[in-house]
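Structure first, commentary second.
The values are calculated or read from the model by the stated rules, or taken from the named source; none is laboratory data. These figures come from a predicted structure and were not determined experimentally. Methodologically, a virtual Cβ is constructed for each residue, glycine included, from the backbone with ideal geometry; neighbour enumeration extends over all protein chains shown.
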């Protein structure tokens, strides 16, 4: 018997997720399904390595956790894929409560928001969900490489689950793209913190 291709596995997991969502599921069943989907997605997009200096990143997470738990909060609805991106999430030290619109072109929910860093350096995008994000240069449409992923320990912060670290350039607009298959992952919090400056030249 031939081994299942990654694409077939992904389709199977997606079908299971849609069936479970339609019939109603427990949180545990959804978590298992979400884990399978995340594994397939990681394999398809290239596995992000774990961040090498978790101690330094933990300090960033601890600061972000204060905002994730105490605010200030800003509720926003992401722009649908293909629509103009008018929602900005550039205000520092802010917890953005993002809601994704239902996707018109595919199953699930998907959307984009805009981020414009005022300094060049490494930024940590901290999320209250396990699923991550993809980042694009708004001017060119090219995807920006993500450096690493940090799974936030519950003892460090219960309100945040994942941090994605990305190296960005000052005064360059970026589009942050989020997707979700399950409705419970279509609303989440995002806190963006600077993780490291570029050295002065």
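Quick notes
- Subset of the range 153-180 [more than 13 Å from the chain's Cα centre (by Cα) and in a loop (DSSP other than H, G, I, E, B)]: 153, 154, 155, 156, 157, 158, 159, 169, 170, 171, 172, 173
- In summary, residue 125 fulfils each of the numbered conditions (1) within 26 Å of residue 69 (Cα to Cα); (2) in contact (Cβ under 8 Å) with a residue 40 or more places away in the chain; (3) not in a strand (DSSP E or B) with the single exception of condition (3).
- Residue match in the range 74-83 (condition: outside any loop (DSSP other than H, G, I, E, B), free of Cβ contacts under 8 Å to residues at least 24 places away in the same chain and surrounded by fewer than 18 Cβ atoms within 10 Å (Cβ to Cβ)): yes
- Within the range 152-184, the set of residues being within 23 Å of residue 82 (Cβ to Cβ), surrounded by fewer than 21 Cβ atoms within 10 Å (Cβ to Cβ) and in contact with a helix residue (DSSP H, G or I) (Cβ under 8 Å, 6 or more places away or on another chain) comprises 182, 183.
- Condition check for residue 106: in the same structural domain as residue 59 (by TED's automatic domain parsing), surrounded by fewer than 19 Cβ atoms within 10 Å (Cβ to Cβ) and in contact with a strand residue (DSSP E or B) (Cβ under 8 Å, 6 or more places away or on another chain): no
- Residues that are at pLDDT below 95 and surrounded by 18 or more Cβ atoms within 10 Å (Cβ to Cβ) do occur in the range 138-146.
- Taking the range 114-137 as the range and being surrounded by 17 or more Cβ atoms within 10 Å (Cβ to Cβ) and either in contact with a helix residue (DSSP H, G or I) (Cβ under 9 Å, 6 or more places away or on another chain) or closer than 8 Å to residue 178 by Cβ (or both) as the test, the residues that pass are 124, 126, 128, 129, 131, 132, 133.
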